[in-house]
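Heads up, the thing below is written out as structure tokens.
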Amino acid sequence: MAVKASRINFFVDSARQEAVVPWLRTGMFQGVTTNPQLMREAGQHIADIESIYTWARAGGAREVCFQVWGEDVEAQYRSAMQIREAAPGSTIKVPCTILGAEVISRLVDQQIPVLMTAVYSGKQALIGSALGVKYIAPYFNRMFRAGRNGLDEIRHMTKSIKQDGSGPLIMAASLKSADHLVALADIGVRVFTVSPEVLSDLYADELTAQAVSDFEGFMEDVY
């Protein structure tokens, strides 16, 4: 199913079933993203890719993303094929490197959807566009930690690559608060991969909580 760039699309950034599935049930998520760090934190291994893919799809995810591994082109390409064998409809994450570019081009030639990850500058988005990837994942908070203006870098991406579905979509990653999401949406980002913790922050509003409590009090009088 194609992502609609005109609306906001969320991915849950986690490999923990108990953390992901409740969010998928809300119906507001396009899919699930994982990476080696998230899999390690969840106690998952390469052999668990099929299981992760199965429970994520059963939970409502339309896309599930897994990252390649290996020290050279052939090793990364083989790992991509291993992922696709275990998770046939998965999107393959490949880091933005010269080595990765060769892997990406081989996958794109086979019409396998690719998410180019570990992006830290506006210029790197041009690489993803030239390669024909589906998503480009800039690491927003990590840019700031490295002394870069993440908002400006991602603004360059959204201006140089229209987010209308005609080219790669910017999938903002490394987000630490709901305020980050709002700031990025303001400059045209339409796809976000978000940890369960930040998703909780997205729903947190004391005025909404008070309104719900008030409504419940009124309902006691109605019934």
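The values are calculated or read from the model by the stated rules, or taken from the named source; none is laboratory data. From a predicted model like this one, the values you see are computed outputs, not experimental measurements. When we count neighbours, we look across all protein chains shown, and the Cβ atoms used for this are built from the backbone with ideal geometry, even at glycine. Heads up: the accessible areas ignore ligands, DNA and RNA and are worked out on the full protein's heavy atoms, side chains in. Shrake-Rupley method; radii C 1.70, N 1.55, O 1.52, S 1.80 Å.
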Scanning for something at pLDDT 95 or above, of a type outside the set (D, E, K, R) and in contact with an Asp or Glu (Cβ under 8 Å, 6 or more places away or on another chain), does region 53-73 turn up at least one residue? yes
Those residues of region 133-159 which are within 22 Å of Val114 (Cα to Cα), without any contact (Cβ under 8 Å) to a residue 40 or more places away in the chain and either part of a loop (DSSP other than H, G, I, E, B) or open to solvent by 70 Å² or more (accessible area, probe 1.4 Å) (or both) amount to Val133, Arg142, Arg155, His156, Lys159
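Rundown of residues vs (1) touching a His at 6+ places or on another chain (Cβ under 8 Å); (2) acidic (Asp, Glu); (3) open to solvent by 40 Å² or more (accessible area, probe 1.4 Å), yes/no style:
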{"position": "Ser14", "(1), (2), (3)": "no, no, no"}
{"position": "Pro22", "(1), (2), (3)": "no, no, yes"}
{"position": "Val32", "(1), (2), (3)": "no, no, no"}
{"position": "Glu41", "(1), (2), (3)": "no, yes, yes"}
{"position": "Glu50", "(1), (2), (3)": "no, yes, yes"}
{"position": "Val64", "(1), (2), (3)": "no, no, no"}
{"position": "Ser79", "(1), (2), (3)": "no, no, no"}
For region 83-101, the count of residues that are open to solvent by less than 10 Å² (accessible area, probe 1.4 Å) and in a loop (DSSP other than H, G, I, E, B) equals 2
Might you check whether a residue that is part of a loop (DSSP other than H, G, I, E, B), closer than 23 Å to Gln111 by Cβ, touching a helix residue (DSSP H, G or I) at 6+ places or on another chain (Cβ under 9 Å) and of a type in the set (Val, Ile, Thr) occurs anywhere in region 60-82? yes
